[in-house]
Structure formats: C-alpha cells, structure tokens
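To keep things clear, I will list the structure first and then write my remarks on it.
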Amino acid sequence: MQHHIVLQVVAKVLLPLILLYALYVQFHGDFGPGGGFQAGVLFAVGLILYGLIYGVDTLQRVISPDVLRTLMASGVLLYAGVGVLGIFMGGQYLDYGVLAQDPLQGQHWGIFFVELGVGITVASVMTSLFYAFAG
Amino acid sequence: MMLLTAHLPILQVILPLIAAPLCVLLRGPRLAWGLSVLASWGCFAIAIALLRQVLAEGSVSYALGGWAAPWGIEYRVDVVNAFVLLIVSGISSVVLSGARAGIEAEVAKDRIELLYTCWLLCLAGFLGIAVTGDTFNVFVFLEISAISSYALIALSGRRRALIASFRYLIMGTVGATFIVIGVGLLYMVTGTLNMADIGARLPAVAESRTVAAAFAFLTVGIGLKMALFPLHLWLPNAYTYAPAPVTAFFAGTATKVAVYLLLRFTFTIFGADYAFATVAMEWILLPLAVLGIFSASLVAIFQLDVKRLLAWSSIAQIGYMVLGISLVSVTGLTASTLHLFNHALIKSALFMTMACVFYRIGSTQLADFAGLGRRMPWTMAAFVVGGLSLIGIPLTVGFVSKWYLILALLERGWWPLSVFVVLSSLLAVMYVWRVVEMAYLQPATSNAKPCEAPASILIPTWALVLANLYFGIDSSLTVGIAQRAAESLLGVSS
C-alpha cells in the first residue's frame, strides 16, 4: 500500500468533505437542489472511495454487509412508516399536512423523514452493490 | 376499524411493501415465511373487502397524499381490478402457505428470507399495477414486480436459472421501456397521467400520429409482459428454472396482471371505439391468439420436462384470453376475465403439484414420472384433476371458460373458430395424457418406494384443486363478477 501514499492522503482529506457535502444535500434538500437520492449516492461514493483506496476489508470493518442490509430495510420502513403515520393522524397515506398542527410544518417534517429514508436506503444499496462486485 | 376501511386501496399495496423489509430484518427463514404468509392473507382479506365494497357501492377512489386527481396519484378500484386483486392476492396466499418446504429444499439457506422479501415486493408490484389509476404509477409498479421477479427466478440454485432470469430481464426491460414510451407519448398529447383523465381527453386528439404511436408502443410492451405469441420466448425458461413454488405464484399472477393492463389500456384509456374501429386491433389480436393457441399447444406436446410443458401450455392459454378480448363483446370479455380467474386456479394447482414432485424426486423430467401414480397418489391425483380442468372437462373451471368463449364466438357467427377452440382442447388432452400415461401406466424403476409429498405442500395444492371443482360446478359468483367487469369495460350498463 506504500506506493498509494498520495491517493491515501488525498482521500483522507477529501473523505470528510464528501460525507459532509452528502449530509448538506440531504438536509438542505427541501430548500435547495438535492434530496435523499442524490445525498445517498454521494454518501456511498465517499464510502466506496475509501474502500477503493484502503481495501474492501477495511471498509467492511467500518460498515459490515450485515449492517448495510439492516439499513437498507430500515430506510424503506422509515419511508413507508411516515406514510402510515399520515393515515393514523387522520389524513391519507403519505399526506404530510396532518403530521403537525401547522400543515406547512407538517409537509416539512414529512418530506424530511421520507427523504432521510430514501437517503439511508440508497447509500446502503450503493455500498452493497460495491461489496457484491468487489468482495 | 371504521378508520381503516376508507384506506383499503392503499393498504392493499403497503401491507406487502412494509412486510418485505421486515422480512430482511427478521433474519430467520421460518419467521420470514410466517410474516409473508400473514401479509399475503391480509392482502387477500383486503381484496375481498374491496370487492364487496365495489360490488355494493361502485368504484372506489383514493387520493395519495391528499393530492386530488388528476394532479396527484389516484388509486381507483372498479369491478375489473377488484377481481384482479382478488386473483393475485388469493393465489399468492395459497401458494405461499405451501411454499416453505419447497423453497427450503431449492434455495440456498442464507437467501431464503431474501426470497420472501422479493416475493412480497413482487406481490406489492402486481397489486399496485392493478389498483392504481395513474399510468406512470403503473410503470413504477411494473418495475417493482419485474425486478423482484428476475431475482426470484435467479434465486433457484440452478445455473440455468441465471440465464433464464437474464433473458427475462432483457425482454422485460424492453417491454417496460415500450410501456413508458407509450405513457410518455400519451402525456405529450393530453398533458395528464391519470387514466380516467386521459380517457376523457383522447377522443379530441385521436386523429394524431402520436396517439397511434402510443397505442402501438403500449400494445407491444404489454404483449411482451403477458407473453403474447410471438413475444413469448422468455416465458418457458423462466417458468422452468424458477423455484417450483415461485413458478406456481407467477403462473397465476404475472401474465394475468399484464392481461388486465391490456384490458385497461385498450378499453378504459383508448376506448373500444378507437382500438377496434379506428385501429382495428382485433385483426392483430385474433390471428396472434389463434396462432398462439395452436403453436404453443403443439410445442407443449413435445416437451420432455413437465414444468416446461405446462409453461408452453400457459402461452396457449394466454391465447384464449386474447381471443375473448378480440371479439369486443360483453360475452367475449366475460370469457376473458373469467379465464383470468380460472386459468390462475388451474395453472397454480398444476405447478403446485410440480413443487410436490420436485420436492420428492428432485426433477420434473417426464422420464422421472414413471410409476409416480403409485408412489405419490395424492399428488398425481391432483395433477389429473388439474389436467382435466386445463382440457376443459365439464364440472371444472376450464369448462366454464371455454363454454363462454365458444358462446361469444357463436354470438359473432364465427363458428369455424369455435370448432377450432374445441379441437385445440384435443391438443391439451395430448400433452396432459403424456404425463398421466407416464405416471400411471409405466412401471417405476425397481427400487422406488412410495414417497408422498408432505401435507404442508399437499394441502394448499388440494385447496387449489378443490377450488377448480367448486368454481366449475357453481360458477354463478365468478361469472357474475366477470360479466359486470366486462360491462364496465365496454361502458354498457346492465
């Protein structure tokens, strides 16, 4: 691994920025361009870059395939759960307006959690695909 | 409970959709199976409740997220799709109940819960296609069901399953792409994706080339999905190499949902006037149906693998459904809708017997069926009854379907075709007889012992077989619903 020293150092510098940018795209998605899908891909790109340079085994110590499987399923559940919550709060499925006193605030929360679910699932699916081909 | 009855259309889809990721989290093959069985029967209960609601009060509409149609996604259930929901969820529930042993025998241990996840996703996709009133939503659910079915086929341990799955993936993707192109073209001319809304706006622009292109793309795309002759080549391998219970599930659901789509797009969106008066679709569908029935039945006779034989027979049966559609009459559509239900019962029962045989013998090659009538009496008896139903012997559902099809043909005065339908049943006699002859009249190999399939597979198999007989004797319920469905498709009120 010695001859990859430049790559390793650059990756270490870039990695936090990539992950931070992913989180920015995720959490700022309801005000600016972005959202769960793009954020999930960006986050996974960070992880995959780490895996490419430091080896798949090292990445699997950070995040194991088992954890990814759980995350994949939880993301979908979070999305569907927010929808079902809408029903229990007296609206239609995926009706965010009823999630809070103020419908505008409700829409805001609804899309926030739904996109978080998307982000988690997309990031873990992308990383799993990387494991499937590289592992 | 009062609260939930208003949400039945969406619960129909989200129940399996939520159960699917839960199966991944449960991490136990048995637990995952239990949960999927529960979810599937739950869907069946919802489908029954929906059908009752629709029969009593007329069609039900549900606005997703509270966004009113045509801007938001609308779920719209009338008699036609309530019937399809019932078929799909019913077949899935019965087959899934008997699937555990067969799947544990055929699928790698660490992938079993993933198989149930895919099964539920596939079910959610099929139910979603049927329940939605939005054309783009149809495409989304089509992809959900298609991608999970590729995985379901590939999960069988055999290497040939991978090639079968890949071929299905290519053909399925072409089909889905054609469908989305068709939907896009419709959106271009009407500016809406809601089915009812497109249906209302199309007559004003019906002359345009764009609409004709949309119609062509949609018909070919759906034709691929339903394995309409000559777009059927993906089906035999996919059905042969998938795990046996999965085949039983697909045989009763996948092509049925595609036939429903053809009905919906042709009659609700384009309207019978456009499809049959302007474009003359019956002169495309009718020859294809007749050729499909004849050639696929003929190919079925020469198959050496019984699962493959049944798969070819499925292609022929699609022909009967399309033949009914191409008559554009209430009786013809009744026959088609009825055959959706009846053929789902017939083929799922037959493929369940294949699951029994594969579980014990480890093969479905015709040669290995020698003496099986003695070794697996209950399984082969189920096959015989299912086979008789496939041929169309009175007192079985197959007879009821063919009866109505022949009535519809005679109504149009096309008696040569009704003779053809009767003669084509003789081809079915030939391929069913080959299996029966091998099982009952050929001696078993020397050291073969009785090896009846376990009750966990046999009971659901026989439940399907008995349903074949019950709905063959008392067809008033199914015929009544099919007739109302046909009337609503053609816009004739009874």
Under 6 Å by Cβ, and 6 or more places apart or on different chains, what pairs join a residue from the stretch B:443-467 that is more than 22 Å from B:I87 (Cα to Cα) and without any contact (Cβ under 8 Å) to a residue 40 or more places away in the chain with one that is among the hydroxyl-bearing types (S, T, Y) and surrounded by fewer than 17 Cβ atoms within 10 Å (Cβ to Cβ)? none
In the stretch B:7-54, which residue that is outside any helix (DSSP H, G or I) and within 9 Å of chain A (Cβ to nearest Cβ) is nearest to B:I91 (Cα to Cα)? B:H7
Hey, among B:A272, B:A244, B:A289, B:A280, which residue is among the small types (G, A, S) and under 20 Å from B:Y168 (Cβ atoms)? B:A244
Against the conditions (1) within 14 Å of chain A (Cβ to nearest Cβ); (2) outside any helix (DSSP H, G or I); (3) not hydroxyl-bearing (S, T, Y), where does B:P70 fall short? Just the number, please. (1)
On the basis of being assigned to a helix (DSSP H, G or I), more than 26 Å from B:T461 (Cα to Cα) and out of contact with any Ser or Thr (no Cβ under 7 Å at 6 or more places or on another chain), does B:I163 make the cut? yes
Counting only residues in the stretch B:137-153 that are in contact with a Phe, Trp or Tyr (Cβ under 8 Å, 6 or more places away or on another chain) and not hydroxyl-bearing (S, T, Y), the one farthest from B:L233 (Cα to Cα) is identified as B:F141
Before we move on, is B:G271 surrounded by 24 or more Cβ atoms within 10 Å (Cβ to Cβ), modelled with pLDDT under 90 and not aliphatic (A, V, I, L, M)? no
At least 3 residues that are farther than 24 Å from A:L23 by Cα and either modelled with pLDDT of 90 or more or more than 10 Å from every other protein chain (Cβ to nearest Cβ) (or both) in each: list the helices (runs of 4 or more DSSP H) lying fully within the stretch A:47-135 that qualify. A:103-134
Here the residues within the stretch A:41-65 that are farther than 13 Å from A:L129 by Cα and touching a Ser or Thr at 6+ places or on another chain (Cβ under 9 Å) are A:F43, A:Y50, A:L59, A:I63
Can you work out which of the residues in the stretch B:388-402 that are in a helix (DSSP H, G or I) and among the polar types (S, T, N, Q) is farthest from B:L345 (Cα to Cα)? B:S401
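Looking for something of a type in the set (S, T, Y), surrounded by 23 or more Cβ atoms within 10 Å (Cβ to Cβ) and within 30 Å of B:A196 (Cβ to Cβ) - is there at least one such residue anywhere in the stretch B:105-125?
So the first thing to find is which residues in the stretch B:105-125 are of a type in the set (S, T, Y), and the list is B:116-117.
Filter once more, so that each one left must be surrounded by 23 or more Cβ atoms within 10 Å (Cβ to Cβ): B:116-117.
After this cut, where a residue has to be within 30 Å of B:A196 (Cβ to Cβ) as well, the list is none.
No: zero hits.
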Inside the stretch B:351-388, can you point out the residues that are touching a Cys at 6+ places or on another chain (Cβ under 8 Å) and β-branched (V, I, T)? B:I361, B:T379
Under the condition of being β-branched (V, I, T) and assigned to a helix (DSSP H, G or I), which residue from the stretch B:103-122 is nearest to B:T240 (Cα to Cα)? B:I103
Taking the stretch B:454-494 and keeping residues within 18 Å of the chain's Cα centre (by Cα) and of a type in the set (F, W, Y) leaves B:F471
Considering each residue of the stretch B:199-243, count those that are among the hydrophobic types (A, V, I, L, M, F, W, C), at pLDDT 90 or above and in a helix (DSSP H, G or I), and give that number. 13
Residues B:V54, B:V88, B:V94, B:V24: which one is over 16 Å from the mean Cα position of the chain (by Cα) and in contact (Cβ under 8 Å) with a residue 40 or more places away in the chain? B:V24
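The values are calculated or read from the model by the stated rules, or taken from the named source; none is laboratory data. What you see is a predicted model; the values in this text were computed from it and never measured. Positions of Cβ are backbone-derived with ideal geometry, glycine not excepted, and every protein chain shown enters the neighbour counts.
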